Amino acid sequence: MSSPKCAFSVVAAKPDLNILPLYTEKQKESGDEGMKIFLDSANFSEIKEAVSWGVISGVTTNPTLMSREEASFEEMAGSICRLMGNRHVSVEALSTAAEEMVPEARRLAAMAPNIAVKIPMGVEGLKAVHELGSGEKVSCNVTLVFSVNQALLAALAGADYVSPFIGRVDDLGWDGVGLVREIVEVFDMYDLPTSVIAASIRHPRHASEVAAAGAHIATVPFAVLKQMAAHPLTDIGIERFLSDWSRFKGEKGR
Ligand code: E4P
């Protein structure tokens, strides 16, 4: 199937959403296979701990997460970027008008080479993303995305990432995972290079469902990352192996 950049007049074969592979063709071609996991946190100890597990490829922050920490914004962003090395760190711009967002984003991006600037979705955000794509390009993560149309516009404006907030969509009684699946389908259909970050993940089931829905990245809070690693049957299994082994040792007198 040829993949037009995005033309509504072109009708492409619709993939069966229930059997979408974990890796999209686009990811396979670029050798970038598999969903990556980012940590959704501004807490240095949590990030350090998660990095030591060897499973996270980036960190996303937002003003709420930053406001829970003691250190200044610059200190937090600086130490997180240093810890993450060349891995992705998203930090959010706070301006609301495009003409202020652009210089703010440039200032944030200049702090470290691994920074992507989170730009809130909206007309001003789109203008800023478009502007930030020209000249010295700033990598943009369009945040607070709640519909396929918003994701599509963000991608067309030049965003490297879009972040649909699935937990907040579920809170409204809609289908957050379904939203991710549809965005991935549309991006894939038109070969749009923007990566989909499934955000606002509330529980481990969300993480596995967005992986099956083809999300390129899931950003998860530390509590969810810990839940992802755990299973009660694993704990019961370890306990049983240890007790069987110590009984065996006791019986054999060794
Ligand atoms: C994503 O980038 C956001 O930081 C985050 O996932 C928002 O999650 P919340 O809806 O739990 O606040």
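The values are calculated or read from the model by the stated rules, or taken from the named source; none is laboratory data. All of these numbers come straight from a predicted model, not from anything done at the bench. Cβ: placed from backbone, ideal geometry, glycine included. Neighbour counts: every protein chain shown. Heavy atoms of the whole protein, side chains included, go into the accessibility calculation; ligands, DNA and RNA do not. Shrake-Rupley method; radii C 1.70, N 1.55, O 1.52, S 1.80 Å.
What are the residues in region 97-115 that are outside any loop (DSSP other than H, G, I, E, B) and within 21 Å of Arg82 (Cβ to Cβ), if any?
Ala105, Arg106, Arg107, Leu108, Ala109, Ala110, Ile115 - these are the residues of region 97-115 that are outside any loop (DSSP other than H, G, I, E, B) and within 21 Å of Arg82 (Cβ to Cβ).
Residues in region 130-168 that are buried (at least 24 other Cβ atoms within 10 Å of the Cβ) and within 16 Å of the ligand (Cβ to nearest atom): how many?
So the answer is 13.
Is it fair to say Glu185 is at pLDDT below 95 and open to solvent by 10 Å² or more (accessible area, probe 1.4 Å)? Break it down stepwise before answering.
On the way: at pLDDT below 95: no; open to solvent by 10 Å² or more (accessible area, probe 1.4 Å): yes.
Here the answer is no, as Glu185 does not meet what is asked.
Return the residues of region 62-86 that are surrounded by 15 or more Cβ atoms within 10 Å (Cβ to Cβ) and either under 18 Å from Arg202 (Cβ atoms) or not β-branched (Val, Ile, Thr) (or both); say none if nothing qualifies. Show your work before the answer.
Let us first name the residues in region 62-86 that are surrounded by 15 or more Cβ atoms within 10 Å (Cβ to Cβ), namely 62, 65-66, 69, 73, 76-77, 80-81, 84.
Once the filter is applied, which keeps residues that are surrounded by 15 or more Cβ atoms within 10 Å (Cβ to Cβ) and either under 18 Å from Arg202 (Cβ atoms) or not β-branched (Val, Ile, Thr) (or both), region 62-86 yields Asn62, Leu65, Met66, Glu69, Phe73, Met76, Ala77, Cys81, Met84.
When the residues of region 87-118 are narrowed to those that are in contact with a Ser or Thr (Cβ under 7 Å, 6 or more places away or on another chain) and among the basic types (Lys, Arg), which ends up surrounded by the fewest Cβ atoms within 10 Å (Cβ to Cβ)?
By that ranking, first place goes to Arg87.
Just to confirm my filter: which strands (runs of 3 or more DSSP E) fall fully inside region 36-96 and include at least 2 residues that are touching a residue at least 24 places away in the same chain (Cβ under 8 Å) and touching a Phe, Trp or Tyr at 6+ places or on another chain (Cβ under 7 Å)? Working first, answer last.
Numbers: elements: 36-40, 56-60, 88-92.
Once the strands (runs of 3 or more DSSP E) in region 36-96 are filtered for at least 2 residues that are touching a residue at least 24 places away in the same chain (Cβ under 8 Å) and touching a Phe, Trp or Tyr at 6+ places or on another chain (Cβ under 7 Å), what remains is 56-60.
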